[in-house]
Amino acid sequence: MIAEAQLSQGPAPHADETFRAHHFETAEQQFAAAKLGMWLFLVTEVLFFSGLFVAYAVFRVLHPEVFVNSAALLDTKLGAINTVILLFSSLTMAWAVRCSQLGQQRGLVLCLSLTIAAAVAFLGVKGIEYAHKWHEGHLWASQYGGPQAGETFDRAGSFFSVYFAMTGLHAVHIIAGIAAIGWLLKRSLRGDFSPAYYTPVDVVGLYWHLVDLVWIFLFPLLYLVG
Amino acid sequence: MSTTLPPTTRLPEQAWKSEPISEPDYLRNKRGIMSWVYTLDHKRIGVMYLIGILTAFLMGGVMAILVRTELLSPSRTIMGPDAYNHMFTLHGAIMTFLFIIPSIPAALGNFILPIMLGAKDVAFPRMNLASWYLWVFGAVFLIAAMALNGLDTGWTFYTPYSTTTNSSVISATLGVFILGFSSIFTGINFIATVHIMRPKGMTWFRMPLFLWSLYSTAIIQVLATPVLGITLLLLIAERALGIGFFDPKLGGDPVLYQHFFWFYSHPAVYIMILPAMGVISELISTFSRTPIFGYRFMCYSAIAIAFLGFLVWGHHMFTSESAMAAVIFSALTFSVSIPSGIKVFNWLATLYKGSISLTTPMCFALSFILLFTIGGLTGLFLGALATDIHLHDTYFVVAHFHYVMMGGSLMAFIGGMFYWWPKLFGKMYSEFWGRISCLIIFIGFNWTFFPQFILGSRGMPRRFYDYKPEYQGLHVISTSGAFFLGIGLILCAAVFLHSLWRGRRAPANPWGAATLEWQTASPPPLHNFVDDPVVTDPYDMADFELQRDTGDYVRRPYTPSQSDGTETQS
Amino acid sequence: MSAFSMPASARLWMPESASTAAQQVDWVFDVVLVICTIFFVGITGALVAFVVRYRRREGTPATRQLHHHTGLEVAWSVIPGILLAVIFIVGLTGFMQLTTPPEDAYEVGVIGKKWVWAFQYPNGYIDDTLHVPVDQPVMLNMTSDDVIHSMYIPAFRVKRDVIPGRYTKLWFEATKPGEFNLFCAEYCGTKHSNMISSVVVHPPGEFDRWLEKASNFLETMSPAEAGKLLYKRRGCAQCHSVDGSQMAGPSFLAAWGQTAVLDDGSTVEVDANYIRESILEPQSKARAGYRKVMPTYQGQLKDEEISALIEFIKSLK
Amino acid sequence: MAVSSAQTNGQSRRAHEPHVSSPAQLIGIFAALLALTGVTVAAAEFPFGDLDVYVALAIAGVKAFLVAAYFMHLKYDHPLNAVLLVFSIVLVVLFLGVTLSDTTQLAPEVQAAAEASAASP
């Protein structure tokens, strides 16, 4: 591939010394440390979300019928659109990493902007869904006013508790992602990144892909029940 | 140590001369508050952590004394029932989250790990400083809970009590949530540092055992703490919004909270004990002047404890979970006690045919072995299903975890403090008063907590403000022991403070240990080493010579006639 | 029960053993105690011996050449492993007996609520102490009205959490008549240490006579006296004083005929139906200045019992 | 210079030739992800009964593998990163499995209480 060849003649990767921290031997060592550090952080994110998946499993096994007819109240079309949006943002993020590796500054800026745009779109769709639920009263257990309200306790509410916990925490991570990519955009406009130093782009990209990974599991479990 | 690697060649003599270092040490290279507030130096962060956790330990200790004084007589002695409930809750929360979890990893570990690796700093210095400020920020929230309307839920925050009581549970859980991130950052930092920044020649099996234990602790910190984070977040949401995960009136399940909480909190007790085991391996080996016995088994057992620790959380819930789960958890609990047993036997074997000098760190290490053995063995009563039903939530459990946490982690922490004190502050301490304080602490500790085993097996429940008169005798003994233990700890603090002001100057290697941190000055310069440390077998202390005048140990200069490779152990 | 273990456990470690399960649990306790004592004495002995024997003397360096010995290390992993398996199996057998209640057990309903136990006997009579016949299996069907409690009877070596929103079971068979402590073992708030009751084990044949007499206390006692008994037994005493002192709930002293100010500002006269309504739906007419924490007694107090309580309150001038 | 030579361990050697994913690879993976999303939405209509959770999870698992292996470069990175991710998922499955089995064991007790409270509101 041309890109591969072009890279090898260019400056040896990570030869750029300006961003090497004093306590590392070589830039490779710093890059390897950053990658390992981010993967460890991603492991904590996986286990952080694990609590919600366990709660989902327990409540679904205890009240399967509640999950079946409560999930019907969700709009699968909007969920699917959101999934496509997030997959697209994952694509543009991966492309941004590619551009930073090849030193294509304009491509990097374009891809990062597209990723932020997709993320904002995702939040927009989420906002629509939340507003609709607020209006209909499909809220978490103690506030639930939806169709099965009035039983001794509103079991349907426990589905929406799980729904709001999962999608709420995921939305918080989307907002954190938008902030991180915005910071990347600012630095790439300043021309900080080059084939010799693109660690922040790669590392934030890993975080963003994980946020997409979580949604890949959330979508079928919440929207496609029964 | 793998026999494949050729033993390191000796460097010419001047490499070992510890002539006065031109570079100023880390305490004096920069002055002023700002040099501390913005420092990225792992040594200064370690010292700041040390001051922070010792303050927390003081607060927790004062509360412990108040709880014990209240229990002198059945009904009211010095405080009402609510005050007592707040007191024992905050004693538990402060001691576990503010003191014992960060104590050895964040305070001693932050200081020693990079130097032991021959590195200039940890992999992520900024994240290290962020970890310190998260500790401070979390501590502020936890202390703020005390100032608001207290915390009376027990350190476990069990629902539905924690979601219905009117004490400031949200502020406290938010504090612990933030402290969780401080612990995660330390874990990430240590794993990256050990993986990436090991020096040439220090393979995995030529690493000192203190690093092995910090590495396996870091694994637990990274894998378990996030589950505590989501548990506390859900507790706050339950209390503030009523999402009904743990409230039976809203379709939730209180026992689900217990699963969430203990999935973190059992691995957390291994976060507390593993670093202590690492310190003890260093101390026992150094002061017996012999390499650690069964080095490979010690490494494997550290990692085994880390992973098996994740399988046994249900033994905290034998009285609230299903019989099937209880049987599985009881069986797995017995598997986790084997690696601990291996470590104790290996320490004993290290003492065999050694040349044991009873310095203060060694006194603490030996008392660790005795007290940790009692703690571990009493865990067998709690692991066996039949006896746990009787002993669960009684004073037997209180005595068990104090023996393991205080008799174990605290003893090792103080032993580690005495051992690395010359390296931390460049001052020696008074050996005589150090040993006296260890003796008083050892006696005071057993005097306080051994009676509690009997209290518990005779049926005295935990967290009781008022108790039946038949239990008063043992309570009086235990409280008097607590005062004696308090005196011992105060004396120990006095020994440290005295040495800061009037201790004599410490040489580079006062104990003759072979790990890298003793190859630099005490206290070390900013970048830890002036010239490269030579990576040798960390437990090969055979050819160190004590220099009478300076009290410093120096390797005997390399004489060609000497047989080149020392007997390398595999 | 080997003679060797009986004196050790009964005297020092364990409270008196008064149930079939107790003998089994004490035996398990002694097995583990013996194993642990051997290990502890061995380890301490070795430690002290090595420290004394190999104490550092000038000029005599450490002489140990052996730094690892796979055989030895495997031995001290496998042997403790086997002993641990023994302890596990011994503990398991005891546990199996504890968790499988016999079919013909005498069932007593238990309701734990903040700081008082209520025991409901098959004939509907509710008492605050647990009365059981000797040498007959008894099964407790337990639930909680508020937070998690834990039914703990040390003399019977039994304990089970009492959790809101579910029925948990605990069974025992008393072997000795007498009165034994009954504690709440799970922390449940201010009066956790006062949530104490007792188990009265009746000799053969006397239990039914006691139950007969106790459950028609309404007929045998005057209404005010019965109301006083209910006031003490059913937890009213926890929050309502009879001497006018300020507690969680309004005092009953001279409450009859008073006009009570409600939290919505309206007033109501303290009469029979206000008291009856406040017992069944406490939150409907809550008094001003008091936290709404009173649990409902719906279905736990019969009509005659409520009228007895009313008589009792009326009698407090 | 604290430590003499640069080669500390396998970790940094592999990073010399960082993997650059080609546009074709990126687009290909993206197309596969979209297709799988379609499949999972379609699969929801088929009445698999209580199997549909596992079908949905399997499809999501494949999508997750694609994102992790290619977009996150796990295939080309130091194997330690992949081991970390896999091990964390093993822990989640362990946590979920045991908690779920315990909760279902206790479900009858909760059921009894629910009926009792429903019977006498």
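Derivation of every value follows stated rules applied to the coordinates shown; laboratory data play no part. Computed from a predicted model, the values in this text were never measured in an experiment. Cβ atoms come from the backbone with ideal geometry, glycine included; neighbour counts cover every protein chain shown.
Under 13 Å between alpha carbons, and skipping anything fewer than 8 positions from residue B:43 in its own chain: which aspartates and glutamates qualify?
B:25, B:121, B:517
Strictly under 4.7 angstrom between C-beta atoms: which cysteines of chain B have no such partner?
B:299, B:492
Can you flag which of B:120/B:200; B:468/C:113; A:77/A:126; C:114/C:292; C:114/C:228 are past 18 Å Cα-Cα?
Details: B:120/B:200 14 Å; B:468/C:113 21 Å; A:77/A:126 12 Å; C:114/C:292 14 Å; C:114/C:228 20 Å.
Listed pairs above 18 Å: B:468/C:113; C:114/C:228.
Cut-off under 18 Å on the C-alpha distance; same-chain residues fewer than 8 positions from residue C:317 excluded. Which aspartates and glutamates are left, in chain and number order?
C:225, C:243, C:269, C:271
For region D:52-79, list residues with backbone N below 12 Å from a point placed 7 Å from the Cα of residue D:19 toward its Cβ?
Answer for this model: D:66-79.
Tell me, what is the FRET efficiency for residue B:140 and residue B:505 to the nearest 0.05, using R0 = 45 angstrom and their Cβ-Cβ distance as r?
Details: r = 37 Å, r/R0 = 0.83.
With a Förster radius of 45 Å, E is 0.75.
In debye, nearest 20: dipole of region C:106-215 around its Cα centre with unit charges on the Cβ of K, R (+) and D, E (-)?
Numbers: 11 positive and 13 negative charges, 63 e Å.
Here region C:106-215 has a charge dipole of around 300 debye.
Listed highest first by mean packing, meaning other Cβ atoms within 10 Å per residue, what order do B:309-318, B:65-74, B:500-509, B:104-113 come in? List each step's numbers first, then the result.
On the way: B:309-318: 23.4, B:65-74: 18.2, B:500-509: 16.3, B:104-113: 27.5.
Ranked from most to least packed, the peptides come out as B:104-113, B:309-318, B:65-74, B:500-509.
If packing is taken as the average count of other Cβ atoms within 10 Å, what order do B:428-439, B:330-341, B:396-407, C:35-46 fall into, highest mean first?
Numbers: B:428-439: 18.5, B:330-341: 21.3, B:396-407: 22.8, C:35-46: 14.8.
So the order, starting with the most tightly packed, is B:396-407, B:330-341, B:428-439, C:35-46.
Which FRET efficiency value, to the nearest 0.05, is calculated for residue C:266 and residue C:16 with the Förster distance at 60 angstrom and r the Cβ-Cβ distance? Don't skip to the answer; put the middle values down first.
Numbers: r = 57 Å, r/R0 = 0.95.
For R0 = 60 Å, the calculated efficiency reads 0.60.
What does the charge count near residue B:204 come to, summing +1 for each Lys or Arg and -1 for each Asp or Glu among other residues with Cβ under 11 Å from its Cβ? Present the calculation step by step, with values, prior to reporting the outcome.
On the way: positive: B:198, B:206, B:296; negative: none.
With Lys, Arg at +1 and Asp, Glu at -1, the neighbours total +3.
With runs of 4+ DSSP H residues as the only contributors, calculate the mean residue ellipticity of the protein assembly as shown at 222 nm using -39,500 (n - 2.57) per run, divided by the residue total and rounded to the nearest 500. Don't skip to the end; give the middle numbers.
Values: 37 runs with 708 residues, N = 1234.
-19500 deg cm²/dmol, from helical runs alone.
At R0 = 35 Å, how high is the FRET efficiency between residue D:54 and residue D:116 if r is their beta carbon distance? Nearest 0.05 is fine. Kindly include the intermediate steps, with their values, before the conclusion.
Values: r = 35 Å, r/R0 = 0.99.
Efficiency computed from Cβ-Cβ geometry: 0.50.
Going toward the positive end of the dipole of region C:106-215, with +1 on Lys and Arg Cβ and -1 on Asp and Glu Cβ, which of C:199, C:187, C:133 do you reach last?
Result: C:187.
Provide the per-residue ³J(HN,Hα) series for region C:295-308, in order, calculated from phi with Karplus coefficients 6.51, -1.76, 1.60 and θ = phi - 60°, each as a whole number of Hz, with x at glycine and proline positions.
Once θ is set to phi - 60°, the couplings for region C:295-308 become x, 7, 9, 3, x, 10, 10, 6, 4, 4, 5, 5, 5, 5 Hz.
Return the Cα extents of chain B along principal axes one, two and three, sorted largest first, each rounded to a whole Å.
79, 47, 47
What's the magnitude of the charge dipole for region A:39-223 around its Cα centre, counting Lys and Arg as +1 and Asp and Glu as -1 at the beta-carbon? Answer in Debye, nearest 20. Display every interim value, and only then the final one.
Working: 10 positive and 10 negative charges, 119 e Å.
Dipole of region A:39-223, to the nearest 20 debye: 580 debye.
Points 7 angstrom from Cα along the Cβ direction at residue A:172 and residue B:547: gap in nanometres?
5.7 nm
Taking just the C-alpha trace of the protein assembly as shown, give me its Rg and Dmax in Å.
32.8, 109
Largest first and to the nearest Å, give the Cα extent of region D:21-77 along each principal axis.
40, 20, 8
If the only charges are +1 at each Lys and Arg Cβ and -1 at each Asp and Glu Cβ, what is the size of the charge dipole of the protein assembly as shown around the Cα centre, to the nearest 20 debye? Show your work: numbers first, answer last.
Values: 78 positive and 86 negative charges, 745 e Å.
Using Cβ point charges on Lys, Arg, Asp and Glu, the protein assembly as shown gives about 3580 debye.
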